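> The structure under discussion is supplied below as structure tokens; questions concerning it will follow.
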Amino acid sequence: MAVAIVTDSTSDIEPQLAARLGIAVVPLFVIWGDRSYRDYVDLSRRDFYKKLASEPELPKTSQPSPQMFEEAFGPLVAAGKEIVCVVVSSKLSGTINAARAAASRFRGAHIAIFDSESVAGGLGMQARVANDLAASGARADRILEALEKEKHAQRLYACIPDLSHVVRTGRIGKAQAAIGTLMKIVPVISLRDGEVVAEAQVRTFARAEETMIDLAMRNVNDISAGRFLVMHTNAPARAESVRERLETRFAGVKPKLLEILEAGPVIATHGGPGAVGVFSAQ
């Protein structure tokens, strides 16, 4: 029985790429006032930042409904496929509950819901690992085993110039301890067990970026087998600078992956513009 992969839009997999790979992507919502926009469907990155600069209020986000996951699962179940659904960390969103509720409505179907304990590029990397295995003919149990390994191999370290967004949306978690000295200390945040935490605290944003790169490099023992994904929110020059500094650290060794990816509207709602981060894995 073939396996199909489903994920959510916080994976930041471009719609065109998802269609080419055959990955079904269920969108979250960005909410401005009384209007809701489906992530990547009704609201592009460009339109999001234009609205962010012009709207008097900041946006909020919301998880998909169970019906949206049902609509994604239904055709796949009808086609006789097993489903592995990889979703944003349950510590950051209730999306997993909607996916589980939808899965429960397909009696007799093989639908596994996997908590990535990640988001953005990390979730996208997991979805693509799962999809590569599915394309090679792997069964769902083998894919889930690989996802567990991938989840524990990944690390995210990020620098956010304006923490008001993550504080306002409640996603800062344990890192709230860093807020009291925000004017003097720049935290380097990370994902630990799916939750945002303060990994380090330094005096300048430039030093925070260096610390972020140090930590990302520390997570990879063999550069040639390493995968690095530089994420940013409307900060392409900053992301390119981080990519160049990573290459310098590689000392001529070519990693398995080194790419830049701009986060989409849902992630940018929480991180705000100007953030940069590095996912690293081996």
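The values are calculated or read from the model by the stated rules, or taken from the named source; none is laboratory data. None of these values were measured; they are calculated from a predicted model. As a convention, Cβ positions derive from the backbone with ideal geometry for all residues, glycine included, and neighbour counts pool all protein chains shown.
For (1) in contact with an Asp or Glu (Cβ under 7 Å, 6 or more places away or on another chain); (2) touching a residue at least 60 places away in the same chain (Cβ under 8 Å), each residue gets a yes or a no:
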position	(1), (2)
ILE23	no, yes
GLY33	yes, no
ARG38	no, no
PRO59	no, yes
GLN63	no, no
LEU76	no, yes
CYS85	no, yes
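> Against the definition (in contact with a strand residue (DSSP E or B) (Cβ under 7 Å, 6 or more places away or on another chain), touching a residue at least 40 places away in the same chain (Cβ under 8 Å) and not assigned by TED's automatic domain parsing to the domain that holds THR233), how does LYS51 come out, yes or no?
Values: in contact with a strand residue (DSSP E or B) (Cβ under 7 Å, 6 or more places away or on another chain): yes; touching a residue at least 40 places away in the same chain (Cβ under 8 Å): no; not assigned by TED's automatic domain parsing to the domain that holds THR233: yes.
No.
> Something else now. Of all the helices (runs of 4 or more DSSP H) wholly in the stretch 1-114, which have at least 1 residues that are under 28 Å from ASN234 (Cα atoms) and among the acidic types (Asp, Glu)? Can you show your working first?
Values: elements: 15-21, 45-54, 66-78, 95-103.
So the answer is 45-54.
> Sort through ALA275, ALA216 and tell me the only one that's at pLDDT below 95 and of a type in the set (A, V, I, L, M, F, W, C). Steps first, answer last, please.
Values: ALA216 fails: at pLDDT below 95.
Going through ALA275, ALA216 in turn, just one is at pLDDT below 95 and of a type in the set (A, V, I, L, M, F, W, C): ALA275.
> Of everything in the stretch 85-135, what is of a type in the set (Phe, Trp, Tyr) and under 18 Å from ASP12 (Cβ atoms)? Give them in sequence order.
Taking the stretch 85-135 and keeping what is of a type in the set (Phe, Trp, Tyr), we get 106, 114.
Once the filter is applied, which keeps residues that are of a type in the set (Phe, Trp, Tyr) and under 18 Å from ASP12 (Cβ atoms), the stretch 85-135 yields only PHE114.
Per-residue answers, yes or no, for (1) closer than 26 Å to GLU57 by Cα; (2) crowded, with 16+ Cβ neighbours inside 10 Å; (3) at pLDDT 90 or above:
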{"site": "VAL196", "(1), (2), (3)": "yes, yes, no"}
{"site": "ALA200", "(1), (2), (3)": "no, yes, no"}
{"site": "MET212", "(1), (2), (3)": "no, yes, yes"}
{"site": "SER224", "(1), (2), (3)": "no, no, yes"}
{"site": "ALA251", "(1), (2), (3)": "no, no, yes"}
{"site": "PRO255", "(1), (2), (3)": "no, yes, yes"}
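> A further question on this structure: Checking ASP141 against (1) of a type outside the set (Gly, Ala, Ser); (2) at pLDDT below 95; (3) surrounded by fewer than 16 Cβ atoms within 10 Å (Cβ to Cβ), which single condition isn't satisfied?
(2)
> I'd like the residue in the stretch 34-47 that is surrounded by 20 or more Cβ atoms within 10 Å (Cβ to Cβ) and either touching a strand residue (DSSP E or B) at 6+ places or on another chain (Cβ under 7 Å) or in the same structural domain as GLY137 (by TED's automatic domain parsing) (or both) and, out of all such residues, is nearest to ALA135 (Cα to Cα).
So the first thing to find is which residues in the stretch 34-47 are surrounded by 20 or more Cβ atoms within 10 Å (Cβ to Cβ), and the list is 37, 39-40, 43.
From what is left, the residues that are either touching a strand residue (DSSP E or B) at 6+ places or on another chain (Cβ under 7 Å) or in the same structural domain as GLY137 (by TED's automatic domain parsing) (or both) are 37, 39, 43.
Working: TYR37: 32, ASP39: 26, LEU43: 30 Å.
Among residues in the stretch 34-47 that are surrounded by 20 or more Cβ atoms within 10 Å (Cβ to Cβ) and either touching a strand residue (DSSP E or B) at 6+ places or on another chain (Cβ under 7 Å) or in the same structural domain as GLY137 (by TED's automatic domain parsing) (or both), the one nearest to ALA135 (Cα to Cα) is ASP39.
> With respect to GLU240, determine if the residue is among the acidic types (Asp, Glu) and in contact with a Pro (Cβ under 8 Å, 6 or more places away or on another chain). If you could, list the steps in order and put the result at the bottom.
Details: among the acidic types (Asp, Glu): yes; in contact with a Pro (Cβ under 8 Å, 6 or more places away or on another chain): no.
The answer is no for GLU240.
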